[in-house]
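The values are calculated or read from the model by the stated rules, or taken from the named source; none is laboratory data. Quick caveat: nothing in here was measured; it's all calculated off a predicted structure. Every residue, glycine as well, gets a Cβ built from its backbone with ideal geometry; the counts of neighbours run over all protein chains shown. Remember, those area values only see protein heavy atoms, side chains included, never the ligands or the DNA or RNA. Shrake-Rupley method; radii C 1.70, N 1.55, O 1.52, S 1.80 Å.
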Amino acid sequence: MDQQIRLVEAKYKKEAILPFEIGDTVKVWVKIIEGDRERLQAYEGTVISIRGKGINKSFIVRKISYGVGVERIFLLNSPRIDHVDIIRKAKVRRAKLYYLRNKVGKKARLVERLGVKIPKHSDLIKNTTEENTAAEENNTSSAE
């Protein structure tokens, strides 16, 4: 039974998601369906919580829109999420940043981590395609 659950989860699990952390400012590209058209819409904010594991992993992104705090919960492996870009990384000492809900203006800012290389989504795609082609070459050579 447990093995069957893992097989079903593996089918829906996304591999090409950047490893972001609590406190990072991210831009989540969400697929929006309007009638028969599909477009991408960006939602940029600070990650204040990550919870769950495996296919049930989710994260909360908070942003200030027209002076009002807006939070949105995303499932990491959702088919509605196209990709996640990391804008900046922050230095935090908490697992959850719920205290930012009570802060306004400059007090709600997080200290940026300097000297940290921020990975790009295009680099991740390039690396996964290179790994896939290398794996395919190994499979074809071992089959011969």
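The table below gives the values:
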{"quantity": "Residue list for segment 90-122, restricted to those being assigned to a loop (DSSP other than H, G, I, E, B) and without any contact (Cβ under 8 Å) to a residue 24 or more places away in the chain", "calculated": "Arg93, Lys103, Val104, Arg109, Leu114, Gly115, Lys117"}
{"quantity": "All strands (runs of 3 or more DSSP E) inside segment 1-89 with 1 or more residues being small (Gly, Ala, Ser) and over 12 Å from the mean Cα position of the chain (by Cα)", "calculated": "37-51, 58-65, 68-75"}
{"quantity": "Segment 1-53: number of residues that are surrounded by 11 or more Cβ atoms within 10 Å (Cβ to Cβ), in contact (Cβ under 8 Å) with a residue 12 or more places away in the chain and charged (D, E, K, R)", "calculated": "8"}
{"quantity": "Residue list for segment 54-89, filter: of a type in the set (Asp, Glu) and either open to solvent by 70 Å² or more (accessible area, probe 1.4 Å) or without any contact (Cβ under 8 Å) to a residue 60 or more places away in the chain (or both)", "calculated": "Glu71, Asp82"}
{"quantity": "Sole exception among (1) open to solvent by less than 70 Å² (accessible area, probe 1.4 Å); (2) at pLDDT 85 or above; (3) of a type in the set (A, V, I, L, M) for Ala108, by number", "calculated": "(2)"}
{"quantity": "Set Ile5, Ile86, Ile32, Ile64: member being in contact with a Pro (Cβ under 8 Å, 6 or more places away or on another chain), modelled with pLDDT under 95 and of a type in the set (Val, Ile, Thr)", "calculated": "Ile86"}
